[in-house]
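First the structure, in the form of structure tokens, and then the observations on it.
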Amino acid sequence: MTKTDAFISIQNVSKFFGTFRAIDDISMDIGRGEFFSLLGPSGCGKTTLLRMLAGFESTTAGEIFIDNQPTSDVPPHHRPVNMVFQNYAIFPHLNVRDNITYGLRKQKLSRSKRYEMAEEMLEMIKLPDYGTRKATELSGGQRQRIALARALILRPKVLLLDEPLGALDKQLREQMQLELRALQRQIGITFVFVTHDQEEALTLSDRIAVMSGGKVLQVDTPTGLYETPKTSVVARFIGNMNFFDGTVRRNGAAAAAIETEGLGTIQVPVADLDKPDGAAVQVALRPEKIALSATRPDAAEHAVSARLDTSAYLGERSHFYVNLEGRDEPVAVSQPNTSRFNAANQAPSGTEVWLSWSSDAIVVLDPE
Ligand SMILES: Nc1ncnc2c1ncn2[C@@H]1O[C@H](COP(=O)(O)OP(=O)(O)OP(=O)(O)O)[C@@H](O)[C@H]1O
Ligand SMILES: [Mg+2]
């Protein structure tokens, strides 16, 4: 057993269902009190990993430590964890209070103590006076909060949440996200949160593990993942990204440049480039980090001319696709509509425009 400072330490964990490898040698640590998310497409193994943390699923290889204790031989009800499921099964035949105190029934607590604890929970989830309400007389968001209270009343050290907001509409979902984050800060326990919604993961998490095909591709803070993805797969998965093939051109020790298809030659700080002369790379540039203008901007570090292809007006911002000389694939550009009359929104296809960006907008990655 390897001792670490982590609250949850996942060490070389794999899970096979028959010959199918659902989890492929995952190692990562989750800190005490952290809001940690598992993010990845359907079928990548998020629920499986969560179920292994809860003890509903055994590990085929490796070990999970919680609070420095190995968990292989610990049954679910003896683990300091509790799980909130995607389809928050609250009991329709019980009222709100009995739903919340359901998990306490095996503990020898007086009726008044249980009531008191339920009241405390109702206060916390901002539904005081709802104790005697029937479970069938609740909105989706209220039901979700009851499911949370039911898990939290058992005072777990870790709360596992499997897409708990998946069934809610966008507006309620965004409101619940804020509430969930505030609640987690308030009670200070560790949350492991599963979602396939990248915006939700970015909004809520201290750190995020991006998963694909049973593997963890990168564990990082939201800004770390978005601004400095380590691979093109992660860059593509979080937000939108333009990729340009490039070749490193070193110019002695002091300067380096990347020759690209489409963007011309980009000067890069040598300190940021750990690649040898002649190395093939991918230059990644987010759509919103490119500025669009009718003429060449004077002060721009980098600028190229392009032709407008298509555009889409999305209210708060507009998306443009532009064509560059020497490149088949159009480049995506996203611009906030800070003024009501954004000239580019009216410009016809084929109009000449200028793209500009600063050096720190560029991420240099290995080719796929
Ligand atoms: N009991 C099982 N027996 C066989 N295969 C399983 C079992 N449970 C999960 N799998 C497979 O393991 C893979 C991972 O499943 P998992 O439920 O962990 O995915 P997920 O990331 O939670 O996906 P979703 O976002 O759709 O919920 C899938 O290919 C799934 O079919
Ligand atoms: Mg799942």
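Numbers below:
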quantity	calculated
Pair list, Cβ under 6 Å, 6 or more apart: region 236-261 residue closer than 14 Å to residue 275 by Cβ and modelled with pLDDT of 90 or more, other residue part of a loop (DSSP other than H, G, I, E, B) and open to solvent by less than 70 Å² (accessible area, probe 1.4 Å)	248/275; 248/279
Cβ-Cβ under 8 Å pairs, at least 6 apart or on other chains, region 33-60 side within 22 Å of residue 220 (Cβ to Cβ) and acidic (Asp, Glu), far side open to solvent by 10 Å² or more (accessible area, probe 1.4 Å) and not in a loop (DSSP other than H, G, I, E, B)	34/207
Criterion (in contact with a helix residue (DSSP H, G or I) (Cβ under 7 Å, 6 or more places away or on another chain), aliphatic (A, V, I, L, M) and free of Cβ contacts under 8 Å to residues at least 40 places away in the same chain) met by exactly one of 83, 121	121
Region 68-91, subset buried (at least 18 other Cβ atoms within 10 Å of the Cβ) and hydroxyl-bearing (Ser, Thr, Tyr), residue nearest to ligand 2 (Cβ to nearest atom)	88
Verdict on residue 36 being in the same structural domain as residue 214 (by TED's automatic domain parsing), closer than 19 Å to residue 156 by Cα and open to solvent by less than 30 Å² (accessible area, probe 1.4 Å)	yes
Residues located in region 194-226, provided they are open to solvent by 60 Å² or more (accessible area, probe 1.4 Å), free of Cβ contacts under 8 Å to residues at least 40 places away in the same chain and over 10 Å from the mean Cα position of the chain (by Cα)	217, 223
Candidates 203, 190, 195 - the one that is within 20 Å of residue 34 (Cβ to Cβ), within 16 Å of ligand 2 (Cβ to nearest atom) and β-branched (Val, Ile, Thr)	195
Criterion: within 16 Å of ligand 2 (Cβ to nearest atom), over 27 Å from residue 146 (Cα atoms) and not charged (D, E, K, R) - qualifying residue of 65, 20	20
Filter result (open to solvent by 10 Å² or more (accessible area, probe 1.4 Å) and over 17 Å from residue 18 (Cα atoms)) within region 39-50	41, 42, 46, 47
Given (1) touching a residue at least 60 places away in the same chain (Cβ under 8 Å); (2) touching a Leu at 6+ places or on another chain (Cβ under 8 Å), number of the condition residue 273 does not satisfy	(2)
For residue 173: the one exception among (1) under 14 Å from residue 38 (Cβ atoms); (2) touching a helix residue (DSSP H, G or I) at 6+ places or on another chain (Cβ under 8 Å); (3) modelled with pLDDT under 90	(1)
Residue tally, condition of a type outside the set (A, V, I, L, M) and within 16 Å of the chain's Cα centre (by Cα), over region 162-177	7
Residue count, region 324-348 (criterion: free of Cβ contacts under 8 Å to residues at least 24 places away in the same chain, within 13 Å of residue 262 (Cβ to Cβ) and within 31 Å of the chain's Cα centre (by Cα))	2
Residue list for region 104-153, restricted to those being among the hydroxyl-bearing types (Ser, Thr, Tyr) and either at pLDDT 90 or above or not in a helix (DSSP H, G or I) (or both)	110, 112, 115, 130, 132, 139
Tally, over region 264-307, of residues that are open to solvent by 50 Å² or more (accessible area, probe 1.4 Å), assigned to a strand (DSSP E or B) and not polar (S, T, N, Q)	2
Residues of region 114-154 satisfying the condition of being open to solvent by less than 50 Å² (accessible area, probe 1.4 Å), farther than 26 Å from residue 80 by Cα and either touching a Phe, Trp or Tyr at 6+ places or on another chain (Cβ under 7 Å) or among the acidic types (Asp, Glu) (or both)	135
Selected residue (criterion: nearest to residue 118 (Cα to Cα)) from residues of region 155-167 that are in a loop (DSSP other than H, G, I, E, B) and more than 16 Å from ligand 2 (Cβ to nearest atom)	155
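The values are calculated or read from the model by the stated rules, or taken from the named source; none is laboratory data. Just so we're clear, the structure is a prediction, and the values are computed from it rather than from any experiment. Every residue, glycine as well, gets a Cβ built from its backbone with ideal geometry; the counts of neighbours run over all protein chains shown. Note: accessible area is taken over every heavy atom of the protein model, side chains too, but ligands, DNA and RNA are not part of it. Shrake-Rupley method; radii C 1.70, N 1.55, O 1.52, S 1.80 Å.
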